[in-house]
Amino acid sequence: MNPAASAASSAPIEKSEGVWHAAWRRFKADRVGLVSALIVLAFLGLVLLASLGLVAKNWQAEVGVANAPPTFIGPKPPEATGTIEVPKGPNVDLSAVDPLAPRYAEIEEAAKKYRTTETAKAETLPLGGDRLGRDVLDKAIKGTQISVFVGVLAAVLATLIGTVLGALAGFFGGKVGDFLEWLYNVFEAIPGILLIFAFAAVFGRGIGTVVLILGLAGWTGLYRQVRAEFMKHGSREYVRAAEAIGASAWSRMFKHILPNISHVILVRMSLLVVGFIKSEVILSYLGLGVGVEDVSWGTMLAEAQSELILGHWWQLAAATLFMAVFVTAFSLMADAVRDALDPKLRGLE
């Protein structure tokens with residue numbers, strides 16, 4: 001036997017880098033995307049802690065005075081009480097100033113039976129207080145839980161609907177495809193914001209209702225993209241080979257084609273999360289989102305509208321800051337994920 005051939009046959013076979021491994025390597029090289037992912041993970045950790053009741057548990061408690069300013073501003077100056085200076089002296093008849101003066105001792109003794117111990121309220125809070133004295137920081141954390149939960153869950157629902165319908169339309173075509181195209185055109189013909197308002201008017205308010213509304217109104221874009229991908233992959237060699245060995249239609253759809261277009265679905269779902277968080281904020285701001293017993297970034301902005309007129313800007317600033325940081329970080333992370341999973345970049349390395 002030829003020694004060179006023998007050495008070549010005994011040499012270890014190098015395995016090619018997997019798709020997900022290569023994507024992870026490219027993602028780690030993107031510093032902006034990596035930092036954004038860490039920020040998103042920090043927000044998700046905050047959502048988990050709030051869900052478990054470890055933080056912002058008592059966000060409804062009135063722990064400060066009304067409209068308590070942030071701590072870095074300091075306590076607000078005392079306001080004039082409008083009290084009347086009562087003259088004092090041994091020869092002063094208090095009944096002439098206040099007819100109830102002779103009965104003050106009797107009233108005080110009766111009030112002791114009903115008086116309860118009242119906890120002193122803070123004059124300042126870390127990020128200020130609202131008009132009821134509730135901590136704005138706790139409200140912002142609890143609002144993060146509600147808004148992120150609604151955005152993620154609604155995106156998952158829209159992704160499921162769009163993926164299943166797009167797979168059916170793209171793979172089978174024919175009458176199934178025609179019917180689903182008609183359904184898609186009906187939803188697409190109505191402006192998105194009007195469709196959301198129509199669903200909100202029918203289903204009412206509440207967290208579950210908002211998730212359902214956004215999921216039903218937001219699947220059309222993903223459906224169109226998944227349908228095109230299934231039409232493109234349905235005629236490729238690996239799908240034909242699976243059909244030749246007896247794989248069923250469902251197996252070819254969800255075991256062969258779906259994994260090869262998963263990067264498209266993941267990127268689209270990440271974009272839906274950002275869009276749905278914004279939609280939830282708009283709905284809650286207009287009074288069509290979460291109920292009055294809950295708090296979200298949208299309800300905080302709605303409350304801050306009346307407070308801003310009086311110069312109390314801290315609730316508006318807290319809700320805007322939390323929302324802007326999360327949405328920006330999630331958008332940058334989605335861009336990094338898209339670049340890492342883009343098959344066109346594999347040949348450029």
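A few notes on this one:
- Here the extension length gained between LEU48 and TRP250 equals 69.1 nm, from 0.36 nm per residue of separation less the Cα-Cα distance.
- FRET E, pair LYS175, PHE203, Förster distance 30 Å, beta-carbon r, rounded to 0.05: 0.45
- Computed from backbone phi with θ = phi - 60° and the Karplus coefficients 6.51, -1.76 and 1.60, the 3J(HN,Hα) list for region 57-74 is 5, 9, 5, 8, 6, 8, 8, x, 6, 4, 6, 4, x, x, 4, 6, 8, x Hz; x is used for glycine and proline.
- Couplings 3J(HN,Hα) for region 137-143, derived from phi with the Karplus relation 6.51 cos²θ - 1.76 cosθ + 1.60 (θ = phi - 60°), are 4, 5, 5, 5, 5, 5, x Hz, where x marks Gly and Pro.
- Cross-link table LYS28/LYS139; LYS76/LYS139; LYS255/LYS278; LYS28/LYS278, entries beyond 31 Å C-alpha to C-alpha: LYS28/LYS139; LYS255/LYS278
- Cβ crowding within 10 Å averaged over residues, with 148-156, 30-38 ranked highest first: 148-156, 30-38
- When peptides 132-142, 205-215, 182-192 are ranked by their average number of other Cβ atoms within 10 Å per residue, the highest-first order is 132-142, 205-215, 182-192.
- Cβ crowding within 10 Å ranks MET269, MET323 as MET269, MET323, fewest other Cβ atoms first.
- Ranked by how many other beta carbons lie within 10 Å on average, peptides 280-293, 237-250 from highest: 280-293, 237-250
- Distance cut-off 19 Å, percentage of C-alpha pairs in region 247-349 lying past it: 61 percent
- On full extension, the segment bounded by ALA324 and THR71 gains 88.8 nm, given 0.36 nm per residue less the C-alpha separation.
- Footprinting exposure proxy for ARG338, ARG227 (fewest neighbouring C-beta atoms within 10 Å first): ARG338, ARG227
- Share of pairwise Cα separations in region 190-239, more than 15 Å, in percent: 57 percent
- For region 298-309, the Karplus equation 6.51 cos²θ - 1.76 cosθ + 1.60, evaluated at θ = phi - 60°, returns couplings of x, 5, 5, 5, 5, 5, 5, 4, 6, 6, 5, 5 Hz by residue, with Gly and Pro reported as x.
- The Kirkwood radius of region 136-224, taken over pairs of alpha-carbon atoms, gives through the Stokes-Einstein law at 20 °C and 1.002 mPa s a diffusion coefficient of 151 µm² s⁻¹.
- Close amide-amide hydrogen proximity is noted between LEU125 and THR71, each under 5 Å apart and 5 or more residues distant or on a separate chain (H modeled in the peptide plane; Pro and chain starts excluded).
Bear in mind that the values in this text are calculations on the coordinates, not laboratory data. Note that this is a predicted model, so its numbers are computed, not measured. Note: ideal-geometry Cβ built from the backbone for every residue, glycine included; neighbour counts use all protein chains shown.
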